[in-house]
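For reference, the structure discussed in these notes is given below.
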Amino acid sequence: MAKQEYYTLTEIKKCKAKYNLIIGERSNGKTTAVLGEILKVHCESNYQECGFYLRRFQEDLKNAVQLTRNLVSLKWVEKYSHGEYNSIRYYRGEWNLVKIDTKTNEILKVNTNPMMYSGSINENERLKSRAFPNCTIICFDEFLTRGYYLPEEFILFQNVISTIVRERDNLTIYMLGNTVNKYCPYFAEMGLNNVKNQKQDTIDIYEYGKSELKVAVEYCKGIAKKSDVYFAFDNPRLAMITKGSWEIDIYPHLPLKYTKKDKVFSAYLEFNGENFEIELILLDDNYFLYIHRKTTEIKEDTYPVYTNKVNPKYNYSSNIFKYKNKAEQLITSLITQDKVFYQDNEVGEIIRNFLITQKKGI
């Protein structure tokens with residue numbers, strides 16, 4: 001096997017974007033690349049400029065002491081500091097460069113200017129009273145998740161940025177994610193409409209009218225790793241680990257045919273810019289739901305329409321688990337019992353994300 005190659009910031013830095021979304025397989029070097037950039041900028045600015053490492057939850061930082069070990073093992077600390085420092089210490093939410101005696105592990109020298117701070121979105125209120133005037137890079141790690149996003153998370157994320165940048169314009173933001181969820185709410189909030197169709201090893205640029213805001217989205221190419229041998233099973237979900245393909249579950253497809261007379265009720269669903277029809281089917285004394293794409297606009301005013309946005313129309317609901325009649329109650333019951341079939345796996349994945357927003361709110 002040829003020498004393993006890891007991700008670098010070379011191409012995305014050419015875009016000179018304020019926001020840089022880097023999406024790819026696990027363990028391809030995304031985080032190390034950005035932390036290496038923070039280290040380099042810190043050293044080249046005579047230890048004045050620094051970075052900020054951001055996670056969704058404070059508990060995600062419990063292993064922060066291990067975060068920069070690659071920078072040390074790769075000897076980047078010695079390289080960029082020209083031998084003045086050789087390690088990094090994490091203490092009370094800050095990373096500092098240190099010089100360590102390699103024989104005794106005694107700390108000989110500490111640079112008191114932090115190389116990087118840490119914080120979380122869910123505890124963003126704690127940051128508001130602090131100042132980060134020298135912070136020029138934010139690394140928001142693991143921004144994609146198959147689990148729960150915080151209520152109004154994008155707004156909270158913007159609050160964190162506002163706290164750090166204040167009135168400056170020299171902040172670069174890196175958002176790093178594994179290919180676990182192509183229907184992440186950040187994409188919709190930022191108007192990144194092509195992410196789900198973007199090809200690997202490409203960078204898409206998004207600009208916003210006359211503003212100077214620019215967002216770059218890089219979908220990293222896959223890399224061959226020695227560990228791939230452990231994931232060679234014929235399972236499409238493993239492609240996310242070995243190739244950087246988007247992770248997607250296998251959802252139940254319709255196992256039988258039904259006719260128009262078997263459909264007893266319909267509802268509609270709007271999410272992520274797409275429309276879906278929920279058909280309530282009664283066949284052989286058994287109820288189930290079939291959810292499929294609706295390629296035409298929703299015009300009906302009588303059937304319920306579920307969405308994660310507030311709409312004043314009577315038939316619109318922002319919570320599928322709150323029902324107004326027996327038919328809607330049955331829909332809710334069938335969803336909780338997993339008696340749902342999907343047109344395809346993509347539809348199943350979208351509905352899964354919609355239901356997460358309904359249970360927790362985003």
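Where a number appears in this text, it was derived from the coordinates with a stated rule and is not lab data. Since this is a predicted model, take the numbers as computed values, not measurements. All Cβ positions, even for glycine, are placed from backbone atoms using ideal geometry, and neighbour counts span all protein chains on display.
Key figures
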item	result
10 °C / 1.306 mPa s Stokes-Einstein diffusion coefficient of segment 32-131, Kirkwood radius on C-alpha pairs, µm²/s	114
Between segment 162-217 and segment 45-82, the Cα center-to-center distance that results, in Å	23
Magnitude of the charge dipole, segment 10-242, Cβ model with Lys/Arg +1 and Asp/Glu -1, debye to 20	320
Å³ per residue enclosed by the Cα convex hull of segment 55-113	98
Farthest positive-ward along the chain dipole, Cα basis, beta-carbon charges - from L213, L256, F354	L213
Positive-end extreme of charge dipole, the chain - chosen from Y316, H42, S333 (charges on Cβ)	H42
Inverse of mean 1/r across different Cα pairs in segment 270-312, Kirkwood, Å	12.0
Shape box of the chain [Cα atoms, principal axes, largest first, Å]	80, 50, 39
Cα centroid separation, segment 242-283 to segment 8-44 (Å)	39
Simple Cβ-charge dipole of segment 260-360, Lys/Arg +1 and Asp/Glu -1, about Cα centre, in debye nearest 20	400
Flagged links, alpha-carbon separation over 31 Å, of K196/K260; K30/K309; K196/K339	K196/K260; K30/K309
Segment 288-362 - convex hull of the alpha-carbon atoms, volume per residue in Å³	102
Of E247, E11, E346, the one that fluctuates the most in a GNM where the chain has Cα springs shorter than 10 Å	E11
Length-normalised contact order for the chain - Cα pairs under 8 Å, 6+ apart - percent	17
Value of D in µm² per second that Stokes-Einstein yields for segment 79-129, Kirkwood Rh from Cα pairs, at 4 °C (1.567 mPa s)	104
Computed [θ] at 222 nm, helices only, for the chain once each DSSP H run of length n ≥ 4 contributes -39500 (n - 2.57)	-6000 deg cm²/dmol
Order of K30, K214, K182 - criterion: other Cβ atoms within 10 Å of each residue's Cβ, fewest first	K214, K182, K30
